[in-house]
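In what follows, a structure is listed as structure tokens, so that the remarks can point back to it.
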Amino acid sequence: MRAMDSAETNELTRWPSVERESIEKIKQWLTTQQHLPQLEAHEIALFLHANYGNEEASRRTIENYYTLRTSHLECFADRDVFSDPIQTALRIMMFTTLPGATKEGYKMVYTRLLISDASEFNHPQILKLMTMCLDLWVRLEGNANGHIMLTDMQGMHLGHMTKLNMGAAKKHMFYVQEALPIRLKQIHFINVVPFMNRLMFLMRPFMRKDVQEMINMHVELGTLRDAIPVESLPNEYGGTAGTFQELHASFKDKLYANSDWFRSMESRNLVDEAKRLPKPRRYLFGLYG
């Protein structure tokens with residue numbers, strides 16, 4: 001038992017700003033939520049950190065996170081990184097963490113298409129890979145002071161818009177905004193395409209206003225270098241982080257190294273809907289009866 005306690009204490013060292021009292025309160029709350037998994041202290045700390053210590057917001061995020069992972073099987077089942085669909089997605093799109101951090105301590109990820117042929121673009125499968133990569137990012141760098149997403153639109157054209165699956169996009173946006181335990185600070189679109197307004201028209205209904213305000217558009221790289229440390233950028237953009245190929249290969253290795261973790265996450269920490277307590281009925285003016 002002491003060894004287990006020691007391991008848990010070591011895990012909690014990643015979350016120095018999280019109040020231990022808040023962890024215990026969430027743990028106590030979980031005992032009243034029979035449909036939810038009973039989480040370890042360091043797992044609770046991740047949600048508290050993402051929500052800046054706000055217990056109510058953390059409870060909401062936990063509920064959303066595990067409920068969506070149970071119900072949205074298109075993204076959260078069959079997550080074998082070596083399977084043909086995931087390997088195909090990895091051939092079409094790259095996702096990588098970028099080295100270093102901003103002066104505020106924000107960690108960064110970068111995505112771009114590797115193949116511009118829209119006939120090979122399977123949007124739901126790409127989003128599934130994206131979700132896996134984001135989950136791994138949280139596992140590796142969830143304790144950062146903040147998180148930044150960079151999307152490079154190089155190679156994207158109108159043919160890709162015809163392949164968009166808006167149902168899958170809506171679920172993905174909900175997961176990123178309401179369930180993923182990160183401190184999202186900035187979103188950067190690089191090499192913005194001429195039809196960006198049309199794309200935003202489709203996506204804006206799925207985005208919270210505060211998330212919309214995080215978006216930065218870069219038609220040229222000069223403005224990007226003002227926002228992101230140059231040394232963290234790929235070599236092709238004047239940085240020293242490595243080439244696109246090197247960064248892609250490096251993160252693929254991380255995905256492969258965590259293949260067992262992805263498989264184990266499919267079957268553990270799921271919601272048992274049969275045990276979910278019914279919500280009180282709302283009457284007029286939102287009063288409970």
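Some observations on this one:
- Chain lengthening between Asn54 and Ser71 when straightened (0.36 nm per residue, less Cα-Cα): 3.5 nm
- Semi-axes of the equivalent ellipsoid for region 1-152, Cα gyration tensor, largest first, Å: 32, 20, 14
- Convex hull volume per residue for region 162-287, taking Cα atoms only, in Å³: 205 Å³
- Listed residue pairs exceeding 22 Å between alpha carbons, taken from Lys185/Lys209; Lys103/Lys254; Lys25/Lys170: Lys103/Lys254; Lys25/Lys170
- Where labels lie 7 Å past Cα in the beta-carbon direction, separation of Gln154 and Ser250 in nm: 1.7 nm
- In the chain, the longest principal axis of the Cα atoms and the axis of helix 20-31 are about 70 degrees apart.
- Annotation for Asn197 and Gln177: the two label points, set 7 Å from Cα along the Cα-Cβ direction, are 2.2 nm apart.
- For Ala241, residues with placed amide H under 5 Å, excluding near neighbours: Leu233, Asn235
- Taking every DSSP bridge with both residues inside the chain, close to 30 percent are antiparallel.
- Taking the charge dipole of region 84-261 about its Cα centre, with +1 at Lys and Arg Cβ atoms and -1 at Asp and Glu Cβ atoms, the residue from Thr111, Ala89, Ile215 reaching farthest to the positive side is Ile215.
- Evaluated at q = 0.14, 0.17, 0.25 Å⁻¹: base-10 log I(q)/I(0), Debye formula over Cα of region 4-76: -0.44, -0.64, -1.15
- The residues of region 52-126 present an accessible area of 43 Å² per residue when probed at 1.4 Å with all protein chains retained.
- For the pair Ser83 and Asn122, label points projected 7 Å from Cα toward Cβ lie 0.9 nm apart.
- Degrees separating the helix 123-141 axis from the principal Cα axis of the chain, which is the longest one: 60 degrees
The values are calculated or read from the model by the stated rules, or taken from the named source; none is laboratory data. Because the structure is a prediction, the values reported are computed rather than measured. Using ideal geometry, Cβ is built from the backbone for each residue, glycine included, and neighbour counts are taken over all protein chains shown. In case anyone asks, the SASA skips ligands and DNA or RNA and just uses the protein heavy atoms, side chains included. Shrake-Rupley method; radii C 1.70, N 1.55, O 1.52, S 1.80 Å.
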